[in-house]
1. Is it true that PRO94 is within 29 Å of TYR354 (Cα to Cα), in contact (Cβ under 8 Å) with a residue 12 or more places away in the chain and not aliphatic (A, V, I, L, M)?
2. Looking at ALA189, ALA217, which one is at pLDDT 90 or above and among the hydrophobic types (A, V, I, L, M, F, W, C)?
3. I'd like the full set of residues that are open to solvent by 10 Å² or more (accessible area, probe 1.4 Å) and either over 14 Å from SER62 (Cα atoms) or touching a strand residue (DSSP E or B) at 6+ places or on another chain (Cβ under 8 Å) (or both), limited to the range 355-386.
4. Which numbered condition trips up PHE328, out of (1) under 17 Å from the mean Cα position of the chain (by Cα); (2) free of Cβ contacts under 8 Å to residues at least 24 places away in the same chain?
5. Could you check how many residues of the range 104-140 are closer than 22 Å to LEU185 by Cβ and among the polar types (S, T, N, Q)?
6. How do the pairs read when you match residues in the range 235-262 that are under 11 Å from TYR392 (Cα atoms) with residues anywhere that are in a helix (DSSP H, G or I) and of a type in the set (Ser, Thr, Tyr), using Cβ under 7 Å and keeping only pairs 6 or more apart or on different chains?
7. Which numbered condition in (1) surrounded by 13 or more Cβ atoms within 10 Å (Cβ to Cβ); (2) more than 28 Å from LYS248 (Cα to Cα); (3) of a type outside the set (Val, Ile, Thr) is the only one that LEU183 fails?
Amino acid sequence: MNFRAKNPWLWVPSLYFAEGLPYFAVTSISLMMYKNLGLSNAEIAFYTSWLNFPWVIKCLWSPFVDLLKTKRWWILSSECLIGAGLAGIAFCIPAHFYLQATLAIFWLLAFASATHDIAADGFYMLGLTADEQTFFVGIRNAFYKVANLFGQGTLIYFAGMLEKKTGNIPFAWSLTFLTTAGLFLAFFAYHRFSLPNPVSDQPDRNMEAKRILKNFALTFKTFFTKKQAGAAVFFMLTYRFSEAQLLKLIQPFLLDTRDKGGLGLETEQVGLIYGIVGVVGLLLGGIVGGILAVRGGLKKWLWPMLLSMLVTSATFVYLAYFLPDNGFTIRLCVFIEQFGYGFGFTAYTLFLIYYSEGEQKTAHYAICTGLMSLGMMLPGMAAGWIQEKLGYPHFFLWVMVCSVVPIIATALLKVDDKISTETQITPTE
């Protein structure tokens, strides 16, 4: 086999699953763990939102990933560190100072994961042609999100089962994170052989300190002087404004008892719903989004994709007001919301990729995703406090009202005609 041109199906899905798993372990799976360990919604949302910060500032070291070693080397090295971090969390959960210890390791894990993101996203653009990038954008989004659903599904089901069998919540979550560490080390072993070696994936052999600083400054200058940069940055910051708040309270809502306004589900029930129904909905949404983007381009599908992500979150308004105890109804609502998200997020990812095009595409894409993380971090920090003041029904209505912000951001953005190998999508004046 030609190791410079391996079939993308051999590495794109696994690479983006591996990229998503530590991110969602830090920002999402930790929500369920801390909820079951007794923290309040306000504490959970605040602490876990702060853990987004390494992804916000990853653009500060992204130029060095461009200059030092290869993207492939950074991917493999980061995967080793992430596996070690997950194991460290597992050993700290049973300690009496678990909160401080796990937050500290989650923070370090986030830095390793952010570095993995930089390298993986750059490798994606180096290892695929323009047409392949467009086709696989839905696939990569789907498997990135499947990593989240794997955490919320399989891993949380596993933790819930252990909680019930052992009656020891810290032990259950410790064993769950230890299992995740082993899985991540398996990804490292697989990627050593499955990742291709693109000819363009080379370190800068003429590196000098002065030139590093110059390139670092040039990275930000060229990013913020692109056409209609203001509207593009506003779009990156606010496309997920309502979703950022929704995601912080979905799991607490599903777990809280009905007298507190929640659905009163058990941990393993949440795992089954997201591990099966959620995965199917997300995969279908991402794949459909990728296929339609190839055929019609971003300009045609930007608004339908945005609205699909915003409107489908209304399912939680319904769940919060009516509190159905019918399992089919709950699963249907989760499927609709996940399909809408998988479909809608395709447009966002496409815009980030094509806004990043140029000589410094890896560093520029890191800035884009850093802005995305900031847009998730700030609204998420206050989400728990808002929910405790409003209650679940009014909180989910508030999320719907917040949808006006990404709608305004999208209205201000202008894009060229459809994405193709000849015409790239960038903001225009």
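1. Numbers: within 29 Å of TYR354 (Cα to Cα): no; in contact (Cβ under 8 Å) with a residue 12 or more places away in the chain: yes; not aliphatic (A, V, I, L, M): yes.
The answer is no for PRO94.
2. Checking each option against the conditions leaves just ALA189.
3. Once the filter is applied, which keeps residues that are open to solvent by 10 Å² or more (accessible area, probe 1.4 Å) and either over 14 Å from SER62 (Cα atoms) or touching a strand residue (DSSP E or B) at 6+ places or on another chain (Cβ under 8 Å) (or both), the range 355-386 yields GLU357, GLY358, MET372, LEU374, MET376, LEU378, PRO379, MET381, ALA382, TRP385, ILE386.
4. Just one mismatch for PHE328, condition (1).
5. Number satisfying all stated conditions: 2.
6. Filtered contacts from the range 235-262: PHE253/TYR392; GLY261/TYR392; GLY262/TYR392.
7. That leaves (2) as the condition not met.
A quick yes/no check of all residues on (1) among the polar types (S, T, N, Q); (2) farther than 21 Å from SER373 by Cβ; (3) open to solvent by 20 Å² or more (accessible area, probe 1.4 Å):
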| site | (1), (2), (3) |
| --- | --- |
| ASN7 | yes, yes, yes |
| TRP11 | no, yes, no |
| LEU15 | no, no, no |
| ASN41 | yes, yes, no |
| ILE75 | no, no, no |
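The values are calculated or read from the model by the stated rules, or taken from the named source; none is laboratory data. This structure is a prediction, so every number in the text was calculated from the model and none was measured. Glycine gets a Cβ as well: all are built from the backbone with ideal geometry, and neighbour counts include every protein chain shown. For accessibility, only protein heavy atoms count, side chains too; no ligands or nucleic acids. Shrake-Rupley method; radii C 1.70, N 1.55, O 1.52, S 1.80 Å.
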